[in-house]
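**Student:** The structure follows.
Only the coordinates and a few stated rules stand behind these numbers; no lab work does. On a predicted model such as this, the values are computed, not experimentally measured, just so you know. FYI the Cβ positions are ideal-geometry reconstructions off the backbone, even for glycines, and counts take in every protein chain you see.
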Ligand SMILES: *Cc1c(COP(=O)(O)O)cnc(C)c1O
């Protein structure tokens, strides 16, 4: 970046921020840098080409005593920080769940940093409190969820789900809020049920809440990795007979390994009969519900007590922004509200004070970026992009299916493809062992990733090392899908020589 002669650097204490003039000019420079970054992102390797400790070694071990110039700082972002990034916004990022920010979302983040509000009480941030209600009501309508669902924004799904499980526990009349769980001999074993494919955040939430890992029952799944609702019924029955206390079931719509969809209608029926809280983890797949043609994936979710969806996953909203919808906000409030004298306000009865609904007191103005994304793309713009990602995933899957040397390992309900290399030998007596296939696929993945041209990750399905191609980046096009397919085939051929 340009050196600036006029810049007031290391300005004299004791007060003041950067001058308005410098703010304008550096602000423009940063926006230009970001625009260039997006325009040329494909020239960068997707995975950071750095060794552990490499960036740290290039940076001073303590902060400067006197201020430095903004030009120098920004030059270091360009020279040192950017090369040490793994580029999540790169269109060839297919690992984990591919996600991306978008221009309106980035502007929302910029403005939110400028406002820097702490939305604890309505009074401390009326705009943030009310815009959150509006944006979440819009999103709820787009997802076709019933009006009884009210929403709240947290940072991540892990935190949303933890709050949902805490609310579920609050429904059990055991005075846990008041008396805790330690030192008590009067408590039964409390039980939460989820499938073995459920996200690890559910178990972490359970650990955080002091329930202990043994509270979680991991239920088996069917051939398509969906929770077995009969096994759920049986487990609850067995637990009750043994004196345990079931209180919560977590169904997943769009599991992390394969995006499988649990049979929520059947699970909801069990929960209604057994009077258990039903939480639905739709962190990734919930975004697909803004597409009318895909709303069927949420069938049964209208009967849930709470649902988590992450606009930061597949709704082009910069990290972080997770939404918890619940028809029982009153219970969430009962679990978390604690109002010290200095936070008492006269309007508490008539407004929502967001601090009442979770662990955090002050909260970032996250709704702004979501509202800007929803407005800028509109329901149709968001739908079209998500549908295109699903089309690209089916296209890639069709290539895998048509190929003799590759095979599919799970269905493709949305935009994730689970597959592996499995070459057909001419001499069929030379069967390739599972261990060899695992090693071969791992090597192909590592080699593809090492080219810097694409980034894929893996999972294990029925003990088979499975490659995952996740499509969710706003910049990914058919051309990118073709390129990664070629790359995979090139590496496979080299490996299999
Ligand atoms: C990504 C994901 C999570 C975790 O999301 P965070 O927001 O990173 O906590 C939880 N559940 C599912 C199904 C996910 O795909």
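**Student:** Cα gyration tensor of the stretch 20-94, axes a ≥ b ≥ c as square roots of the eigenvalues: rounded (a/c below 1.5), prolate (a/b > b/c) or oblate? Before the final figure, lay out the partial values.
**Tutor:** On the way: a/c = 3.56, a/b = 1.20, b/c = 2.97.
Oblate.
**Student:** Between the stretch 452-474 and the stretch 329-379, how many Å separate their Cα centres?
**Tutor:** Between the Cα centre of the stretch 452-474 and that of the stretch 329-379, the gap is 36 Å.
**Student:** Now for a separate question. For the chain, what is Rg from Cα atoms divided by 2.2 N^0.38 Å, rounded to two decimals?
**Tutor:** On the way: Rg = 25.0 Å, N = 497, 2.2 N^0.38 = 23.3 Å.
Ratio of Rg to 2.2 N^0.38 Å for the chain: 1.08.
**Student:** Counting pairs of alpha carbon atoms under 8 Å apart in space and at least six apart in sequence, what relative contact order in percent does the stretch 118-364 give?
**Tutor:** Details: 448 pairs, mean separation 65.2, N = 247.
Across the stretch 118-364, relative contact order equals 26 percent.
**Student:** Estimate the FRET efficiency between residue 425 and residue 460 by the formula 1/(1 + (r/R0)^6), using the beta-carbon distance for r and 30 Å for R0, to the nearest 0.05.
**Tutor:** Working: r = 24 Å, r/R0 = 0.80.
Taking R0 as 30 Å, the efficiency between residue 425 and residue 460 is 0.80.
**Student:** Further question on the same structure: So if we plug the beta-carbon distance of residue 334 and residue 196 into 1/(1 + (r/R0)^6) with R0 = 25 Å, what FRET efficiency do we get, rounded to 0.05? Kindly include the intermediate steps, with their values, before the conclusion.
**Tutor:** On the way: r = 32 Å, r/R0 = 1.26.
Calculated transfer efficiency: 0.20.
**Student:** On to the next question. Using Cα-Cα distances under 8 Å and only pairs 6 or more residues apart, what relative contact order does the stretch 382-495 have, in percent?
**Tutor:** Values: 138 pairs, mean separation 30.5, N = 114.
Result for the stretch 382-495 is 27 percent.
**Student:** Here is a follow-up. Quick one: order 249, 400, 351 by neighbouring beta-carbon count within 10 Å, fewest to most.
**Tutor:** On the way: 249 31, 400 22, 351 14.
The order, fewest Cβ neighbours first, is 351, 400, 249.
**Student:** Same structure, new question: Could you line up 149, 319 from fewest to most neighbouring Cβ atoms inside 10 Å? Let's see the in-between values first.
**Tutor:** Working: 149 22, 319 17.
Neighbour counts put them in this order, fewest first: 319, 149.
**Student:** Under the rule of -39500 (n - 2.57) per DSSP H run of 4 or more residues, summed and divided by the residues of the chain, what mean residue ellipticity at 222 nm is obtained, to the nearest 500 deg cm²/dmol?
**Tutor:** Numbers: 15 runs with 196 residues, N = 497.
The helix-only estimate for the chain comes to -12500 deg cm²/dmol at 222 nm.
**Student:** Further question on the same structure: Using a simple spin-label model with points 7 Å from Cα along the Cα→Cβ vector, what separation in nm is obtained for residue 478 and residue 348?
**Tutor:** Each label point lies 7 Å from its Cα, and together they span 6.0 nm.
**Student:** Separate question: Answer rounded, prolate or oblate for the stretch 1-148, using the Cα gyration tensor with square roots of eigenvalues a ≥ b ≥ c: rounded when a/c is under 1.5, else prolate when a/b is larger than b/c, else oblate. Intermediate values should be presented prior to the final figure.
**Tutor:** Numbers: a/c = 2.17, a/b = 1.27, b/c = 1.71.
The shape class here is oblate.
**Student:** While we're here: Compute the semi-axes of the equivalent ellipsoid of the stretch 118-364, taking the square root of 5 times each eigenvalue of the Cα gyration tensor, and list them largest first in whole Å.
**Tutor:** On the way: eigenvalues 160, 116, 40 Å².
Semi-axes (√(5λ), whole Å): 28, 24, 14.
**Student:** Just want the ordering: 325, 154, from fewest to most Cβ atoms lying within 10 Å of their own Cβ. It would help to have the intermediate numbers written out before the result.
**Tutor:** On the way: 325 28, 154 24.
Fewest to most other Cβ atoms nearby, the residues stand as 154, 325.
**Student:** Does the stretch 179-257 classify as rounded, prolate or oblate by the C-alpha gyration tensor (a ≥ b ≥ c root eigenvalues; a/c under 1.5 gives rounded; else a/b over b/c gives prolate, otherwise oblate)? Don't skip to the end; give the middle numbers.
**Tutor:** Details: a/c = 3.41, a/b = 1.50, b/c = 2.27.
Oblate, since a/c reaches 1.5 and b/c is not below a/b.
**Student:** Hey, what D do you get for the stretch 382-495 in µm²/s if you plug the Kirkwood alpha-carbon radius into Stokes-Einstein at 37 °C and 0.692 mPa s?
**Tutor:** The estimated diffusion coefficient comes to 225 µm²/s.
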